[in-house]
């Protein structure tokens, strides 16, 4: 099996910075992956996403298999060509959305059957089908095994069953994936908030062998403190020489604390979702541009964040766009938020290389804890 070279250039405690090298370009870590759910990062062009500093996007298997269908994407040249993105793409397996979005989902050993949230049509997603969609039809660079993610809170027996099923599905995913020249497969650690289960999951993953490892089953409602408690041990259970990806995370403070605990890659819909609802992320925490106090504020969102969205327009203008429900407001705030998340991970790469992560963590936490404005 091919594996992308992962070069760690510096460490600071458990934190690492480095580069995951792929045929479509280098991924600098820590890395934040904007989410391109339906072959688009909502409200943004690929050029805007590139200008933000993103090295890689995430594509959503569940949504693309339903519309426009993975087969159609393949006929149109694959996901990169379809959306005109020439850098790496990671696709999720589809499992999480099947469990959370479908009208009816039934999980069995062979596969999960579900009804589309769009039109109620019936579908079957097995480990083999998930790999076919991601690797063969969409053509992603980083493919995820199919897993079962339980909701939170979960009883230990329920979490154990899902973890063990995920491990078996992972073995089937790897067998279906086989050996490929320009794609890699990541396994997913499960186990909810139970350390013994996450340890068992990690042992099973390592025994199967993957090109990278994800930490799943977090950011599902357990809260920041509980997530950090799991991350105190979970990354260290995975191989140190391969990238570690925390799925679906998250808020800036979540990213900083996860990086400090040894995580390398992240994805979340938060930047664009916040932007579409009038919220901008800054070094001093989020601000709500809907608030009337910004109506005559001629200052930029954040003078320290370069780019048209952050510095070229006043808070008063953005407030007007949001209140008038103008599309441009959603575009500018989404663009700004993606740029902020990329600046955050770039800054983390710098402070890790310079051995200043602890001081940065303290300062960042203090600024982010200010009351939301």
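The values are calculated or read from the model by the stated rules, or taken from the named source; none is laboratory data. Keep in mind that what you see is a predicted model, and the values were worked out from it rather than measured. Here Cβ is always computed from backbone atoms with ideal geometry, including for glycine, and neighbour counts include all displayed protein chains.
All but one of (1) at pLDDT below 95; (2) surrounded by 16 or more Cβ atoms within 10 Å (Cβ to Cβ); (3) at negative phi hold for residue 372; state the number of the condition that does not hold.
(2)
Is there a residue in region 266-281 that is buried (at least 23 other Cβ atoms within 10 Å of the Cβ) and over 30 Å from residue 317 (Cα atoms)?
Yes: one or more hits.
Restricting to region 257-282, give me the number of residues that are within 21 Å of residue 228 (Cα to Cα) and either more than 14 Å from the chain's Cα centre (by Cα) or in a loop (DSSP other than H, G, I, E, B) (or both).
7
Out of region 192-203, which residues are crowded, with 19+ Cβ neighbours inside 10 Å and assigned to a helix (DSSP H, G or I)?
197, 198, 200, 201, 202, listed by residue number.
Scan (1) over 16 Å from residue 368 (Cβ atoms); (2) assigned by TED's automatic domain parsing to the domain that holds residue 206 for the single condition residue 289 breaks and write down its number.
Of the numbered conditions (1) over 16 Å from residue 368 (Cβ atoms); (2) assigned by TED's automatic domain parsing to the domain that holds residue 206, the odd one out for residue 289 is (2).
Inspect all residues belonging to region 295-306 and state whether any of them is in a helix (DSSP H, G or I) and either in contact (Cβ under 8 Å) with a residue 24 or more places away in the chain or within 26 Å of residue 198 (Cα to Cα) (or both).
No, because not a single residue in region 295-306 is in a helix (DSSP H, G or I) and either in contact (Cβ under 8 Å) with a residue 24 or more places away in the chain or within 26 Å of residue 198 (Cα to Cα) (or both).
For region 214-247, which positions are part of a helix (DSSP H, G or I) and free of Cβ contacts under 8 Å to residues at least 24 places away in the same chain? Walk me through how you get there before you give the answer.
The initial filter retains those residues of region 214-247 that are part of a helix (DSSP H, G or I), namely 224-231, 235-237.
Passing the criteria: only 225.
Those residues that are surrounded by fewer than 24 Cβ atoms within 10 Å (Cβ to Cβ), closer than 24 Å to residue 127 by Cα and in contact with a strand residue (DSSP E or B) (Cβ under 9 Å, 6 or more places away or on another chain), I need them from region 78-87; list them, please.
Within region 78-87, the first condition is being surrounded by fewer than 24 Cβ atoms within 10 Å (Cβ to Cβ), and the residues that meet it are 78, 80-87.
Checking which are closer than 24 Å to residue 127 by Cα leaves us with 78, 80.
80, the sole residue that qualifies.
For residues that are over 10 Å from residue 36 (Cβ atoms) and buried (at least 17 other Cβ atoms within 10 Å of the Cβ), tally how many sit in region 64-73.
Going through region 64-73 one residue at a time, the tally reaches 4.
If you go through region 102-140 one residue at a time, how many are in contact (Cβ under 8 Å) with a residue 24 or more places away in the chain, closer than 30 Å to residue 2 by Cα and outside any strand (DSSP E or B)?
Number satisfying all stated conditions: 15.
When you look at residue 148, is it touching a helix residue (DSSP H, G or I) at 6+ places or on another chain (Cβ under 7 Å), closer than 30 Å to residue 27 by Cβ, free of Cβ contacts under 8 Å to residues at least 60 places away in the same chain and buried (at least 18 other Cβ atoms within 10 Å of the Cβ), yes or no? Can you show your working first?
Numbers: touching a helix residue (DSSP H, G or I) at 6+ places or on another chain (Cβ under 7 Å): yes; closer than 30 Å to residue 27 by Cβ: yes; free of Cβ contacts under 8 Å to residues at least 60 places away in the same chain: yes; buried (at least 18 other Cβ atoms within 10 Å of the Cβ): yes.
Yes, satisfied.
Go through region 155-172 and give me each residue that's in contact with a helix residue (DSSP H, G or I) (Cβ under 7 Å, 6 or more places away or on another chain) and over 20 Å from residue 193 (Cβ atoms).
169, 170, 171, 172, listed by residue number.
Please give the strands (runs of 3 or more DSSP E) falling wholly within region 1-97 in which 2 or more residues are in contact with a helix residue (DSSP H, G or I) (Cβ under 8 Å, 6 or more places away or on another chain) and under 27 Å from residue 174 (Cα atoms).
25-29, 31-36, 57-59, 89-91
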